[in-house]
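These notes concern the structure reproduced below.
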Amino acid sequence: TDLGHFLISYLSSPMSAEHPIVILGHPGSGKSLLSLMLASTLMKAAYSPFIIPLRSLTNPDGAIFGQIEEVLSRETMEKEVSWALLHPTLRDRPPLVILDGFDELLQASGNTHRDYLQRVKLFQEQALELDRPPVRAIVTSRSTMIGKADVPRESLVIRLEPFDSKQQEQWIATW
């Protein structure tokens, strides 16, 4: 009943630094909106959120850190942003990378990207191995497309369901 509170609590666990969180839902179920809300809420807390809209990547087959650099360069209008230089500076507010739209990555590139979630997990593990601030990662996707991916064991998978009328009223009152 309180997904936001649950996710904030889960993000403080060591598991979240080793396994991506996968948020599934049907089109229009609120995956991207939830991502924005989490980013804004967690920005005030103890994290440095980075939302990476996967549909906008020019190199969807690139390394995860390269995808982050591409979006940060575009958003900041800097010629080149280096994740390797930025990441160590985030000790006090570790990064939360929200990779929004795995399904759109599949559609945009035409590749299966079956190993994409495994690559996200490896990206997280590399941060720990390099003694960098732990990276929390969230990947959103349409429910129908996740069957094309290898989901790492022990990853948290959340499926968004449509709101009933009571939940809609609570949502409107809260936000």
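The values are calculated or read from the model by the stated rules, or taken from the named source; none is laboratory data. Note that the structure is predicted; figures quoted are calculated from it, not measured. All Cβ positions, glycine included, derive from the backbone under ideal geometry; neighbour counts span all protein chains shown. Ligands, DNA and RNA are stripped out before the accessible areas are found, and what is left, the full protein with its side chains, is counted by its heavy atoms. Shrake-Rupley method; radii C 1.70, N 1.55, O 1.52, S 1.80 Å.
Before moving on, here are some points about what is shown:
- Restricting attention to region 1-37, the residues that are β-branched (Val, Ile, Thr) and closer than 20 Å to Thr174 by Cβ total 3.
- Residues of region 8-48 classified as open to solvent by 40 Å² or more (accessible area, probe 1.4 Å) and not in a loop (DSSP other than H, G, I, E, B), total: 11
- With a requirement of 3 or more residues that are open to solvent by 40 Å² or more (accessible area, probe 1.4 Å), in contact with a helix residue (DSSP H, G or I) (Cβ under 9 Å, 6 or more places away or on another chain) and under 20 Å from Leu57 (Cα atoms), the helices (runs of 4 or more DSSP H) lying completely within region 73-138 that satisfy it span 102-109.
- Residue in region 15-30 that is of a type in the set (Asp, Glu) and in contact (Cβ under 8 Å) with a residue 60 or more places away in the chain present: yes
- Close pairs (7 angstrom Cβ cut-off, 6 or more residues apart or separate chains): on the phi > 0 side of the Ramachandran plot and open to solvent by 90 Å² or more (accessible area, probe 1.4 Å) in region 153-173, of a type in the set (A, V, I, L, M) and in a helix (DSSP H, G or I) anywhere: Glu154/Met15
- Subset of region 60-71 [free of Cβ contacts under 8 Å to residues at least 40 places away in the same chain and open to solvent by less than 30 Å² (accessible area, probe 1.4 Å)]: Gly62, Gly66, Gln67, Ile68, Val71
Yes/no per residue for (1) under 19 Å from Leu122 (Cβ atoms); (2) among the small types (Gly, Ala, Ser):
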{"residue": "Ile8", "(1), (2)": "no, no"}
{"residue": "Ser12", "(1), (2)": "no, yes"}
{"residue": "Ala17", "(1), (2)": "yes, yes"}
{"residue": "Val71", "(1), (2)": "no, no"}
{"residue": "Met77", "(1), (2)": "no, no"}
{"residue": "Leu85", "(1), (2)": "no, no"}
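- Positions within region 1-28 being of a type in the set (S, T, N, Q) and out of contact with any strand residue (DSSP E or B) (no Cβ under 6 Å at 6 or more places or on another chain), in sequence order: Thr1, Ser9, Ser12, Ser13
- Hits in region 49-72 (condition: in a helix (DSSP H, G or I) and in contact with a Gly (Cβ under 7 Å, 6 or more places away or on another chain)): Leu54, Arg55
Okay, residues lined up against (1) in contact with a Ser or Thr (Cβ under 8 Å, 6 or more places away or on another chain); (2) not polar (S, T, N, Q):
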position: Ser12; (1), (2): no, no
position: Val22; (1), (2): yes, yes
position: Ser32; (1), (2): yes, no
position: Met37; (1), (2): no, yes
position: Thr41; (1), (2): no, no
position: Lys44; (1), (2): no, yes
position: Tyr47; (1), (2): no, yes
position: Ile52; (1), (2): no, yes
position: Ser56; (1), (2): no, no
